[in-house]
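See below for the structure under consideration.
The values are calculated or read from the model by the stated rules, or taken from the named source; none is laboratory data. Predicted model, so just to flag it, every value in this text is computed and none were measured. Positions of Cβ are backbone-derived with ideal geometry, glycine not excepted, and every protein chain shown enters the neighbour counts. Areas reflect the complete protein model, heavy atoms only, side chains present, ligands, DNA and RNA absent. Shrake-Rupley method; radii C 1.70, N 1.55, O 1.52, S 1.80 Å.
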Amino acid sequence: VVLRPGSGSRQQGPADGLALASDPGGTLNFLAMVENLQGDSGRGYYLEMLIGTPPQALNILVDTGSSNFAVAGVPDPDVTSYFNTELSSTYKSEGIDVTVKYSQGSWTGVLGTDVITIPKGIYGSYTVNIATILESENFFLPGVKWHGILGLAYNALAKPSSSVETFFDSLVRQAKIPNVFSLQMCGAGLPVSGSGTNGGSLVMGGIEPSLYTGDIWYTPIKEEWYYQVEILKLEVGGQNLELDCREYNADKAIVDSGTTLLRLPQKVFSAVVQAIARTSLIQEFSSGFWTGSQLACWDKTERPWSLFPKLSIYLRDENSSRSFRISILPQLYIQPILGIGENLQCYRFGISSSTNALVIGATVMEGFYVIFDRAQKRVGFAVSPCAEVDGSPVSEIEGPFTTADVASNCVSSVSFHEPVLWIASYALMSLCGIILLVLIILLLIPPRCQHRYTDNDVVNDESSLVHHRWK
């Protein structure tokens, strides 16, 4: 090895009440949406969209971890196209500034509305909220082929407030499609940050049967902001990490197509790295590989994946007494990188640590067809037929399993999005309440027992709340 610096319940078939792909009527033709995405796991998957009148074609990144629809509104050195609002007769500015920060990068722009059509999407034109990005930092990166972002999470995350109707909510309301979308990203075993031509599918309004094999397993959405789910345990090479299940959900566990890696809370990450290192057939391995600062390189004739174990994530089923597990083989988390060395193929570690969430990102999602069933408040997973390397599947789903060995609830019963701020807020309010109570008691005490204040005495009952802020 050469190290170098590195840069639910089961359900067969379509969901109840959803139109079939073979149905020629209405706005839904799911087969027309197959292969409507391009991209790769290193730089995201994007959808072509026509915006404004006359239409301007832009590539839009599909992101289930945010809720604003935003496009470049001015020229940018890292963007090949942008939306020129002055050329659209249907664009209307709301005159409202908006700023969105992501785990990497941020942008500031102005809210407005315009009409959009999706060439390989649902039929028709629809008026949606759109933010034009006027300034950004580390958002558009060199080499990306997309020009905007399509936030598909809930309106609770929308900026500047949850009153901004999200793109998908607008489609559901105007096109009267079912409140469901599904996502397949086909980058398994292919170089990250490669040619950007890996296929994928965003199916709006339902489920396309040709995009999965076997059964769909559903896990409840714990809270409607991100697609927050409940993870019960992790296994490496079939061995349970034996952590308290609340560690996996600290402070949330989400399904996010806009995150490239599988991100784990620090304690979980350390346990996973130790287990992989212990289980792998490599005796000594540099710490730089696990932290992402180094790549591991092998001769191009070798396939290093056989040296590593599979990783399994257990999710609570819709029947809370049961669980199921989604497993990824090392072909998904030991990821090839393009363009390094003549005789060497180099790989990165597709798992990283996180300070505030477990994030099921592209590293895992590329193994599955993922159904975001907002109508029934659940996320579904099924094996994706494109998740194959050298003709062999690199993902698995198995179940059901009993949940008798885990807590009845692995998510904090006080489910606040910013726990420390909320605790501080309630502590301050409690303190203010006590002070107010003391003041009331003092006012009710007969005058002869009251303290006679001098000019130098000050009674001050000022207080401030720590306001909750979305991130």
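Scanning the stretch 353-368 for residues that are open to solvent by less than 10 Å² (accessible area, probe 1.4 Å) and either outside any strand (DSSP E or B) or farther than 8 Å from L262 by Cα (or both) yields a total of 10. Within the stretch 168-181, residues that are open to solvent by 10 Å² or more (accessible area, probe 1.4 Å) have Cβ atoms under 6 Å from residues that are of a type in the set (S, T, N, Q) and outside any strand (DSSP E or B) in these pairs: V172/N179; A175/T27, counting only partners at least 6 apart in sequence or on another chain.
If I ask for residues that are part of a loop (DSSP other than H, G, I, E, B) and acidic (D, E), which ones from the stretch 144-179 would you list? Before the answer, list the steps.
As a first pass, look at the stretch 144-179 and keep what is part of a loop (DSSP other than H, G, I, E, B): 144-147, 152-154, 158-166, 176-179.
E165 - this is the single residue of the stretch 144-179 that is part of a loop (DSSP other than H, G, I, E, B) and acidic (D, E).
Inspect the stretch 385-396 for any residue being part of a helix (DSSP H, G or I) and either in the same structural domain as D169 (by the TED database) or within 23 Å of N249 (Cβ to Cβ) (or both) and give the result as yes or no. No - not one qualifying residue is present in the stretch 385-396. Evaluation of P191 against the conditions (1) open to solvent by 10 Å² or more (accessible area, probe 1.4 Å); (2) out of contact with any Ser or Thr (no Cβ under 8 Å at 6 or more places or on another chain); (3) not assigned by the TED database to the domain that holds D390 shows that the sole unmet condition is (3).
Residues in the stretch 64-103 that are closer than 18 Å to K159 by Cβ and hydroxyl-bearing (S, T, Y): T64, S66, S67, S93, T99, Y102, S103.
Within the stretch 194-209, at least one residue is open to solvent by 40 Å² or more (accessible area, probe 1.4 Å) and either part of a strand (DSSP E or B) or modelled with pLDDT of 95 or more (or both).
The rows are residues; the columns are (1) more than 23 Å from the chain's Cα centre (by Cα); (2) buried (at least 20 other Cβ atoms within 10 Å of the Cβ).
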site	(1), (2)
G39	no, yes
P55	yes, no
I60	no, yes
G95	yes, no
I116	yes, yes
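Pairing each residue of the stretch 373-385 that is of a type in the set (V, I, T) with any residue that is open to solvent by 10 Å² or more (accessible area, probe 1.4 Å), provided the two are 6+ apart or on different chains, yields C-beta distances under 9 Å for V379/P220; V383/Y212; V383/T213; V383/G214; V383/D215; V383/P393; V383/E396; V383/I397.
Does G44 satisfy the criteria of being at pLDDT 80 or above, on the phi > 0 side of the Ramachandran plot and open to solvent by less than 40 Å² (accessible area, probe 1.4 Å)? Spelling it out, G44 is indeed at pLDDT 80 or above, on the phi > 0 side of the Ramachandran plot and open to solvent by less than 40 Å² (accessible area, probe 1.4 Å).
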